[in-house]
Amino acid sequence: MEPLRAVKGMNDVLPEEVPRWQRIERTFRDLSALYGFREIRTPLVEPTTLFVRSIGETTDIVEKEMYTFVDKGEHSLTLRPEGTASAVRAYLEHAVHAREPVTKWIYFGPMFRRERPAKGRYRQFWQAGAEVIGDPGPYVDAELIDMVALFMRSLGVLDVEVLVNSLGGAETRPRYRDALVRYLEPHRDTLCADCKRRIDHNPLRVLDCKVESDAAIARGAPSILELLGPDDRAHFDGLRRALDTLGTPYRVDEHLVRGLDYYTRTLFEVRGRGGELGAQNALCGGGRYDGLVESLGGSPTPAIGFAIGIDRLLLAMPSEEPAPRVEAIVAVTAPELAPQAALLARELRSAGVSTEADLRGQSLKSQLRRADKLGARVALVLGESEIARGAVQLKDLVGHTQTEVPRPDAVAKTRALLGGGAP
Ligand code: AMP
């Protein structure tokens, strides 16, 4: 029989790795709360049309990468490939605009894209994202970029570069599209088959092509920044001024584009350079999507958001000492004393001390070996004679000392050893 394995490109996160995930999640929630964000949780599955209408019919995500299925022959559903479309759907469905002029949401969860798996590129991957709906910018754009930079710094991810560009709005985009098509047309024969199609349907996508000969052609493409209309230009200048005031380092990349069609004006990406990151070095992508709320049925509402790839962030984060799993263990000298160990362990946990009791009837030696393995600082040992005397042996596994303490004092003495309270 074939051994059962996880789906290709979808990973287990084992308990040893979970503390780092939790640290990222906690840091993101705490930091974004300081900026006034609240969390939204949307379903993992949405109607397929939501993504087709928002991300864009001629994007790689919609053309090739979505996990789409027909639910019992009735509705076409899709595992969400990203978070913004769902957030905007929820914003409209619950008429959130009627309650608040500016909505600030974060989300955290798995996304699904059928990409070719590689290090840092998976078919189920996690994103931490934020959306600000109702603020036209550009100053909130800068604040958001600054929040991402601060988030990365607080996780020790220091070797990063922030790239910014403007994709212009309605006044600029048609002009740029024409200029780009004029530039690309003479190269049509040398471009890859996908890009040949893109010239006609979605020329901006050519700038994003991963085929090296196409990327070389893209590097010579006209700069959108030179074609910005006056309002789009003022917006981009405002963004840059605000980033300068905040002291957020960034580089302008006039050819930066991203794989979703809904972006307008501000576009940004954070790339990592260190850690174990290889070719998949985009840690965060974001931008303004001023037309999306309207195109999904709402009234015209400006908005901006970003998504950070957690799997990649983990590759960029410095490795750390594994955190101890428990602070204390309770060991017994005979198997029939195990219930006494469970009782003392419960008292310790009630006092906030993470504790394990080995209840399997192992020898004292192997229980203490396990304490070491778990990284416990304290072992409390109960034997027949200690129980008869109403006492416990308290072992400091780091200081290598042992003292007998009265049973009623065991919890307080343990906490004192751990530095958590008066003896
Ligand atoms: P996007 O939603 O395409 O703008 O991507 C935002 C971020 O999500 C990227 O910068 C990556 O860090 C991460 N990401 C996107 N696709 C994948 C994937 N297939 N595997 C892992 N991370 C991804």
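The values are calculated or read from the model by the stated rules, or taken from the named source; none is laboratory data. Note that this is a predicted model, so its numbers are computed, not measured. Every residue, glycine as well, gets a Cβ built from its backbone with ideal geometry; the counts of neighbours run over all protein chains shown. Keep in mind that these areas ignore ligands, DNA and RNA; they rest on the heavy atoms of the full protein, side chains included. Shrake-Rupley method; radii C 1.70, N 1.55, O 1.52, S 1.80 Å.
Before anything else, pin down the relative contact order of the chain: Cα pairs under 8 Å, at least 6 apart, normalised by residue count, whole percent.
Working: 734 pairs, mean separation 60.7, N = 423.
Rounded, it is 14 percent for the chain.
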Label-point separation in nm, VAL7 to ALA118, each point 7 Å along Cα→Cβ:
2.2 nm
Rounded to the nearest 10 degrees, what's the angle between the helix 364-374 long axis and the longest principal axis of the chain, both from Cα atoms, 0 to 90?
20 degrees
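Round to a whole number: what % of the accessible area of the chain belongs to carbon and sulfur, probe 1.4 Å?
Carbon with sulfur: 53 percent of the solvent-accessible area.
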Most fluctuating residue given options ARG370, ARG265, ARG116, as computed from a GNM of the chain linking Cα atoms under 10 Å
ARG370
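Kindly work out what percent of the DSSP beta bridges joining two residues of the chain are antiparallel, to the nearest 5. Before the final figure, lay out the partial values.
Details: 53 of 65 bridges.
Percent antiparallel among DSSP bridges in the chain is about 80.
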If you take the charge dipole of the chain about its Cα centre, with +1 on Lys and Arg Cβ and -1 on Asp and Glu Cβ, which of VAL140, ALA357, ALA316 is farthest toward its positive end?
ALA357
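Tally Lys/Arg at +1 and Asp/Glu at -1 over every other residue whose Cβ is under 12 Å from the Cβ of ASP409; what's the total? Intermediate values should be presented prior to the final figure.
Numbers: positive: ARG407, LYS413, ARG415; negative: GLU347, GLU404.
Once positives and negatives cancel, what remains is +1.
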Would you mind checking the tilt of helix 84-93 against the longest principal axis of the Cα atoms of the chain, expressed as 0 to 90 degrees and rounded to 10?
90 degrees
Any idea of the accessible area per residue across the stretch 328-417, 1.4 Å probe, to the nearest Å²?
51 Å²
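Assign unit charges at the C-beta atoms only (+1 for Lys and Arg, -1 for Asp and Glu), then state the dipole size of the stretch 328-417 relative to its Cα centre in Debye, rounded to the nearest 20. Working shown, then result.
Numbers: 13 positive and 10 negative charges, 52 e Å.
With only Lys, Arg, Asp and Glu charged at Cβ, the dipole is about 240 debye.
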How many lysine pairs in the chain, separated by 8 or more positions in sequence or lying on different chains, have Cα atoms less than 30 Å apart?
17
What do you get for the angle between helix 18-34 and the principal long axis of the chain? Use alpha-carbon atoms, 0 to 90 degrees, nearest ten.
60 degrees
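Can you tell me the dipole magnitude for the chain around its Cα centre, using point charges on the Cβ only (Lys, Arg +1; Asp, Glu -1), in Debye to the nearest 20? Walk me through the numbers on the way to the answer.
Working: 57 positive and 60 negative charges, 161 e Å.
That gives a dipole near 780 debye.
How much of the DSSP bridge set in the stretch 328-417 is antiparallel, in percent, rounded to the nearest 5?
55 percent
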Given a 1.4 Å probe, how much area per residue of the stretch 200-257 is accessible, in Å²?
49 Å²
